[in-house]
1. Could you point to the residue in 314, 326, 156 farthest towards the positive end of the chain's charge dipole, with +1 and -1 charges on the Cβ of Lys/Arg and Asp/Glu respectively?
2. Amide H neighbours of residue 250 under 5 Å, at least 5 residues apart or on other chains, H built in the peptide plane: list them.
3. Considering only DSSP beta bridges with both partners in the chain, what is the antiparallel share in %, to the nearest 5?
4. Using 24 Å as the Cα-Cα cut-off, could you pick out the over-long pairs in 87/163; 51/87; 95/353; 67/136?
5. Quick query: amide H of residue 317 versus all other amide H atoms, modeled in the peptide plane; which residues come in under 5 Å with a sequence gap of 5 or more or a different chain?
6. For residue 129, give me every one of the aspartates and glutamates with a C-alpha distance below 19 angstrom, ignoring sequence neighbours fewer than eight places off in its own chain.
7. Modelled label-to-label distance, residue 93 and residue 393, 7 Å Cα→beta-carbon offset: nm?
8. If each of residue 126 and residue 416 carries a label point 7 Å out from its Cα toward its Cβ, how far apart are those two points in nm?
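Computed from the coordinates by the stated procedures, all read-outs in this text should not be read as laboratory data. Quick caveat: nothing in here was measured; it's all calculated off a predicted structure. Cβ coordinates were reconstructed from backbone atoms using ideal geometry, including for glycine residues, and neighbour counts include every protein chain displayed.
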Amino acid sequence: MAEGEYYEYVVLGAGVSGLGFAKRVSERGKSVLVLEKEAVVGGLSRSIHYKGFYLDFCAHRFHTKNKALLDEILTLPGLEMHRHIKKSRNFMFGKYIKYPFEVQDLLRAMPLSLSIPAGFSFLWNMIAKRFKDKNKLRSFEDWFSYIYGYKLYEVMARNYTAKVWRHDPREISADWADQRLQGEDLVRLLQRIIKKIVTLDFRSYDLADDSLAPDGGPFYYPLRGIQEMPDALSRAAMGRGARILTSARVLRVDTENRIVFYEHEGRQVSAHYGELISTIPLHMYYRLQDRRDPAIEKHLAGLQYMDIIFVYLFLDVPRVSNDHWLYFPDQDIIFNRAVEFSNWSPEMCPKGKTSICFDITSFPQSPEWKMKDEALAERTIIDAARVGYIKKEHVIDSLVVRVTHAYPFYDLDYKEKLDSIVRFLETDHEHLLGRTGIFRYNNSDNSIEMGFELAEKLLAGNAASAHTYTVKQVSY
Ligand SMILES: Cc1cc2nc3c(=O)[nH]c(=O)nc-3n(C[C@H](O)[C@H](O)[C@H](O)COP(=O)(O)OP(=O)(O)OC[C@H]3O[C@@H](n4cnc5c(N)ncnc54)[C@H](O)[C@@H]3O)c2cc1C
């Protein structure tokens, strides 16, 4: 074992939260070591370079309402981000319907037997919900029906939610919806749709309008995959003295003596730390640190991350659609979403060719996780051709990539389990951070913000408040 060095901060994981943290503390002249198990930085926000194609995990657009963060990212040296207006459609009722929904599309696609009751249910619900207690909403179904009415929930959300999470929406916590679907924005969108119907206004929406959909509107994307963003964060941190090691295997964390043991380039090394920041999955961090508690192990056993399978198809045509995203709620279509990379940046694909990422969410016990790569690609091609999205004869190659710990899964009692795990693992000198590290359904902008925020708290010597946040108290 090589002689240990001392760092004021050691970070486990070089996803964007860990890199954001490292950037902030290194800018203030602090010593920081980041240990990443993969060969590249970026975590979930990384890209693959395959036979001339650049591929993200699904695709990662960067968007944020935090102007200071946006400016900081857009001015990172060596990073060129371009502004896009989100284009996406849902495959519903056998047709591709624009999202945000447009009146003519909805009227054309949705049978009147559904649209009339859904419209009435929405209007009735606007009155009825004044008499309901929002604090009693427990499940995703409760939440969605409370905001939009039960009928609209059935039409718009039940299938897709059940498909993505592989659980009945009654078994999924309302917190997920609360974090991801900002109710008021969607209500305003639906009010606009109803107004358009009533006034027979068939003009298209101005998609540059930020308020159309909670996550709609403009976003930023680099030239060759989202990887360029974590790479730029990493360069900025290293430029200020941060040490960021990839292909580093963490072996053990001795919390009593504040030492992390790891393997890098065939050598076993130890590093003493002032503060340790873990952005890695909770179960992994629990196993690496040395304290044990059977009650925490029981909670960990009941807390699950969801995995994801990406099926990439490569096609011998320049483009198959103009969309950034397509969503497929039907249960008999194997994939949830499709992303065509040539619409994100022309440099993502060789000239005259395009590539599409189809994602399939999964648990280790799901049948799709056990399917062979060839069978997954075959089934994806069949389904994508069946819905008129691609032509089978255009497919020249395929690639299947499986990623574990992609999504925190919020069952009905995840919060109690998580709170006790967080309270156990966070101490005066060990802190959890990021989407994966704190089991928080974050986008990348929130993950970076969390890294900055934790850095500011620790730099201010405010360890207590840094370690006492729980999931509900993190304001993202
Ligand atoms: C399919 C998908 C699509 C998404 N789309 C978007 C989008 O369009 N826009 C957006 O803003 N966000 C998107 N996100 C969310 C975004 O990816 C995350 O918010 C962000 O990347 C999380 O960063 P993080 O640092 O918190 O976690 P992670 O990226 O999970 O970082 C954790 C790091 O720890 C490393 N690690 C794990 N175990 C160890 C170990 N034992 N030792 C050392 N290192 C270890 C991992 O390799 C990883 O690099 C998407 C996520 C997914 C899954």
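1. 156
2. 263
3. Values: 56 of 79 bridges.
In the chain, DSSP labels about 70 percent of beta bridges as antiparallel.
4. Details: 87/163 22 Å; 51/87 27 Å; 95/353 26 Å; 67/136 34 Å.
51/87; 95/353; 67/136, as the Cα separations exceed 24 Å there.
5. When sequence neighbours closer than 5 places are left aside, the close amide H contacts are 354.
6. Filter leaves 141, 142, 154, 175, 178, 184, 185.
7. Each label point is offset 7 Å from its Cα along the Cβ direction, giving 3.3 nm.
8. 3.9
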